[in-house]
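**Student:** Quick one: this structure, given as structure tokens, is what I'll be asking you about.
The values are calculated or read from the model by the stated rules, or taken from the named source; none is laboratory data. Computed from a predicted model, the values in this text were never measured in an experiment. Quick reminder, even Gly has a Cβ in these numbers, built from the backbone with ideal geometry, and neighbours come from all protein chains shown.
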Amino acid sequence: METQRNYKPENITVKEILKRIGFALATGLLLYSILIYLNHGVEGFVRFVSNLDNVLIYKDMSMSMIFVLALFLYQAALTRFVHSKTFQLLKSWIRITLEFLLLFTGTLFLSWLTMVLPAALLLPGFEFPDINIRIAYVSCSALSLFFYYFIEKQRQQKLLEKELLRNARLQREQIRTELQNLKNNVKPHFLFNSLNVLSTLIKRDSDKAELFVNKLSELYRSFLTFDRNPLITVKEELKLVKDYIFLLETRFGNTVHFSFDIPESAMNRKIPAGSLQLLVENALKHNIATKKRPLEVSITADSENLKVLNNLQLRKEKVVSTRTGLSNISSRYQHLADKEIKIYSNDEEFGVELPLLDPS
């Protein structure tokens, strides 16, 4: 998922550092106790407990705590690296292998730097058995793997889910804003032209004027529900489009011809609300329509897609785009269904194919 690829773990705050220090102290004490038990058994552990006033014990214990704190900071930095764009460009198996190697080698280096080396410097005359050093390395590695894959990964997963939820909310708000802009920027102009047509109809044909008002009110009622119903069935959208076409034909006469070929199997599939109407509107906006050169618009569908196709006879004057057309439909498809629309264009025709979505 693209959101995951672009995800960046949160920055480590002062509060987070203090929490990790406290956790490191407790975990370091636990690690030190485990190492004492593994190296010296029960008797050695009892001696450790009975000699808590020994300064060397506190120095040795401090090394374990410093190791755990350094380990937490290293794991946080490693997490940021594995979520970077550069790292995400690698193949999956390479990322997994490299992540493990960085974790493992980093842990060994930190355990040597914060535990083995300081102990050798503080106790120059004391010889450490190889078995003790190996136990220390194995114990530190096991602890590191546990904290990274079961705690650090889980923490980052929760942050990722939180970020995905926030992005989803922002996308929903963006869709609502685009729909509102669609209603605010496009529809007033259409309403103004429709009222002019209605004014003429009232004088010439009162019955048709009444029908015109009914169709216009139904159309605007549909416009106002777009934000509440982002997806509607093809059947519902066709009703909206046919009301819209009635208003267009009343206004333009027989300069625009529409044809439909929608199988019954496609009627209950869904598309973003108003997308079909917007494609019809764009066809009229960008093309000339006269009696001698009528605009031909066909609306067809199969089991997977709905297609709007019109002959190209572009206006000579440049049409100013409000960017509420194809980009609006495309962004809604990406947000609502993670699908892409298809655009076909040549010297004679222009078409847009909308994926049909499942009713659920």
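**Student:** Restricting attention to segment 199-212, does a residue exist that is under 30 Å from Gln334 (Cβ atoms), out of contact with any Phe, Trp or Tyr (no Cβ under 8 Å at 6 or more places or on another chain) and modelled with pLDDT under 85?
**Tutor:** no
**Student:** Would you point out which residue out of Ser303, Ser298, Ser327 is part of a loop (DSSP other than H, G, I, E, B) and in the same structural domain as Ile245 (by TED's automatic domain parsing)?
**Tutor:** Exactly one of Ser303, Ser298, Ser327 is part of a loop (DSSP other than H, G, I, E, B) and in the same structural domain as Ile245 (by TED's automatic domain parsing), namely Ser303.
**Student:** Give me the pairs, please: first residue somewhere in segment 140-152 and under 17 Å from Thr114 (Cβ atoms), second residue anywhere and among the β-branched types (Val, Ile, Thr) and at pLDDT 75 or above, beta-carbon distance under 8 Å, and either six or more positions apart or on two chains.
**Tutor:** Short answer, once both residue conditions are applied: Cys140/Thr107; Ser141/Thr107; Leu143/Val68; Ser144/Thr107.
**Student:** Name every residue in segment 213-241 that is outside any helix (DSSP H, G or I) and either modelled with pLDDT under 80 or in contact with a helix residue (DSSP H, G or I) (Cβ under 7 Å, 6 or more places away or on another chain) (or both), in order of residue number.
**Tutor:** Answer for segment 213-241, where residues must be outside any helix (DSSP H, G or I) and either modelled with pLDDT under 80 or in contact with a helix residue (DSSP H, G or I) (Cβ under 7 Å, 6 or more places away or on another chain) (or both): Thr225, Phe226, Asp227, Arg228, Asn229, Pro230, Leu231.
**Student:** Follow-up. Do we find a residue being at pLDDT below 85 and out of contact with any strand residue (DSSP E or B) (no Cβ under 6 Å at 6 or more places or on another chain) anywhere in segment 337-350?
**Tutor:** Checking segment 337-350: at least one residue is at pLDDT below 85 and out of contact with any strand residue (DSSP E or B) (no Cβ under 6 Å at 6 or more places or on another chain).
**Student:** List pairs: first residue in segment 344-360 and in contact (Cβ under 8 Å) with a residue 12 or more places away in the chain and surrounded by 10 or more Cβ atoms within 10 Å (Cβ to Cβ), second residue in a strand (DSSP E or B) and small (Gly, Ala, Ser) anywhere in the structure, Cβ distance under 6 angstrom, at least six positions apart or on different chains.
**Tutor:** Between residues of segment 344-360 that are in contact (Cβ under 8 Å) with a residue 12 or more places away in the chain and surrounded by 10 or more Cβ atoms within 10 Å (Cβ to Cβ) and residues that are in a strand (DSSP E or B) and small (Gly, Ala, Ser), the close pairs are Tyr344/Gly351.
**Student:** Can you find, within segment 258-295, the residue that is farthest from Gln313 (Cα to Cα) among those that are of a type in the set (S, T, N, Q) and not in a helix (DSSP H, G or I)?
**Tutor:** The selected residue is Asn268.
**Student:** While we're here: Could you please find all residues in segment 244-291 being among the β-branched types (Val, Ile, Thr) and more than 34 Å from the chain's Cα centre (by Cα)?
**Tutor:** Of everything in segment 244-291, those that are among the β-branched types (Val, Ile, Thr) and more than 34 Å from the chain's Cα centre (by Cα) turn out to be Ile245, Thr250, Thr255, Val256, Ile288, Thr290.
**Student:** Sticking with this structure for a sec: Is it the case that Tyr244 is hydroxyl-bearing (Ser, Thr, Tyr), assigned by TED's automatic domain parsing to the domain that holds Ser303, assigned to a helix (DSSP H, G or I) and buried (at least 17 other Cβ atoms within 10 Å of the Cβ)?
**Tutor:** Criteria met by Tyr244.
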